[in-house]
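Some notes on the structure that comes next.
The values are calculated or read from the model by the stated rules, or taken from the named source; none is laboratory data. From a predicted model like this one, the values you see are computed outputs, not experimental measurements. Here the Cβ is made from the backbone with ideal geometry for all residues, glycine too, and neighbour counts use every protein chain on show.
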Amino acid sequence: MKPGELYRVYRGAKYDPKNYRVFVVVSRQTLIDSKFSTVVCAPIYSNYDGITTQVPVGIEEGLKHNSSIYCDELISLPKSMLTNYIGSLSYEKLEALERSLIIALDIRLV
């Protein structure tokens, strides 16, 4: 498992109309490789509103249609749920994801 990898996860949650949702791993590799049982992920939805905290993704990343990563909705998921690998982000998409996470988390670099 690596940052930028996409996994289809069974959620079965009452608040989510879909039983399955695709998530992208956003945790750093040190956490992924650690004994901790969870990693931070961002959900992928089938719409794109063009806001700075969304990253457009699609067929190139292994999805069936154009979608977007929602960096404003981070969630911690058990590693054991991340078994259905879909694909991974390109270097350019990883950079876009990093920029969107910085904006979503309001991280000040200076």
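Summary table below
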item	result
Of the criteria (1) part of a helix (DSSP H, G or I); (2) under 21 Å from residue 28 (Cα atoms); (3) at pLDDT below 95, which one residue 60 fails	(2)
Residue in segment 52-65 that is crowded, with 16+ Cβ neighbours inside 10 Å, of a type in the set (A, V, I, L, M, F, W, C) and under 16 Å from residue 104 (Cα atoms) present	yes
Positions within segment 45-57 being modelled with pLDDT under 95 and not in a loop (DSSP other than H, G, I, E, B), in sequence order	45
Extreme residue, nearest to residue 91 (Cα to Cα), among residues of segment 63-73 that are among the hydrophobic types (A, V, I, L, M, F, W, C) and at pLDDT 95 or above	69
Counted residues, segment 62-110 - those being small (Gly, Ala, Ser), in contact (Cβ under 8 Å) with a residue 40 or more places away in the chain and within 18 Å of residue 38 (Cβ to Cβ)	1
Checking residue 27 against (1) of a type in the set (Ser, Thr, Tyr); (2) part of a strand (DSSP E or B); (3) surrounded by 13 or more Cβ atoms within 10 Å (Cβ to Cβ), the condition it does not meet	(2)
Filter result for residue 85 (closer than 12 Å to residue 5 by Cα and modelled with pLDDT of 95 or more)	yes
Among (1) modelled with pLDDT of 95 or more; (2) under 19 Å from residue 94 (Cβ atoms), the one test that residue 38 misses	(2)
Close pairs (9 angstrom Cβ cut-off, 6 or more residues apart or separate chains): at positive phi in segment 40-55, in a strand (DSSP E or B) anywhere	50/56; 50/68
